[in-house]
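Just so it is clear, none of the values below were taken in a lab; they were calculated from the coordinates. What you are looking at is a predicted structure, and each value in this text was computed from that prediction instead of being measured. Every residue, glycine as well, gets a Cβ built from its backbone with ideal geometry; the counts of neighbours run over all protein chains shown.
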Amino acid sequence: MTAKPTLETPRLRLRPYSAADIAELLPLVGTREVAATTLRIAHPYTENDARAFISLAQESDKMWLAITLHSDGRQIGGIGLRLEPQHQHAELGYWLGVPYWGQGYATEAAHEMLRYGFEELGMHRIFATHFKHNPASGRILKKLGMRYEGCQREHLRKWDQFVDSELYGILRREWKSSD
Ligand SMILES: CC(C)(COP(=O)(O)OP(=O)(O)OC[C@H]1O[C@@H](n2cnc3c(N)ncnc32)[C@H](O)[C@@H]1OP(=O)(O)O)[C@@H](O)C(=O)NCCC(=O)NCCS
């Protein structure tokens, strides 16, 4: 099992999950708005879903961390890298509770996860996808310096609809040169 890090940004602390987080997590992650633009967040989201998630988050190929506020320690969302060590690549994913949208928190957290992935985990490439109907996520990925790599047409099925999946990625050498 790989130790999970605690990462700091100016406004945020990204820290490992524990079972004690479930009560605060459920109302945040459980809204339809959060589920609507994510692939793996169930809706309705139950306590069992949260327990299964926190158990999966202990696995060595998952770097899934709670996004919390420095100011009062409150959870506001989640962020993670799913590692594929064989390829030295990782998939980035994130979500925020609705009251915390539109304040730059996702970009701030994701920027730090990229740094961690490249500088401390030695990744060669980090990529992310978003549903076409979620342009805010595409904007975040561009702000991180990721390159648009194309649209996988109707690649995914969400709530009985086939949806386009937009792919973005960044290589280690591009990350370094973007500093
Ligand atoms: C997507 C999500 C993470 C964005 O979080 P956030 O903290 O509000 O994002 P940020 O404030 O860091 O950045 C959002 C950017 O998108 C822009 N944006 C917001 N809505 C937009 C829209 N409809 N079209 C285009 N850009 C949009 C914002 O203006 C901002 O860009 P700017 O800084 O250049 O102004 C959040 O809405 C969320 O958790 N949604 C549900 C889960 C989800 O979709 N996760 C991502 C799955 S790929």
Extension gain from ASP61 to VAL98, taking 0.36 nm per residue of separation minus the Cα-Cα distance: 10.5 nm
Extension gain (nm, one decimal) between LEU39 and ARG139, 0.36 nm per residue minus Cα-Cα: 34.2 nm
Under DSSP loop assignment and at most 16 Cβ neighbours within 10 Å, longest chymotrypsin sites (Phe, Trp or Tyr not before Pro)-free interval of the chain: 1-100
Cα Rg, Dmax (largest Cα-Cα span) when computed across the range 92-145, Å: 11.6, 34
Centre separation in Å (Cα based) which lies between the range 121-179 and the range 46-92: 18 Å
DSSP beta bridges in the chain [antiparallel fraction, %, rounded to 5]: 90 percent
Selection of GluC sites (Glu not before Pro), the range 23-73, meeting DSSP coil and at most 13 other Cβ within 10 Å: GLU59
Proxy reagent accessibility, fewest Cβ within 10 Å first, across GLU84, GLU112: GLU84, GLU112
Gain in span if fully extended, SER18 to LYS176, counting 0.36 nm per residue against the direct Cα distance: 53.6 nm
For the chain: lysine pairs under 27 Å (alpha-carbon distance), excluding those fewer than 8 apart on one chain: 16
Overall form of the chain per C-alpha gyration tensor (a/c, 1.5; a/b vs b/c): rounded
Label-point gap, in nm, between CYS151 and HIS111 - each point 7 angstrom along Cα→Cβ: 2.9 nm
Inter-probe distance in nm under a simple model that places probes 7 Å from Cα toward Cβ, at ASN48 and ALA3: 3.6 nm
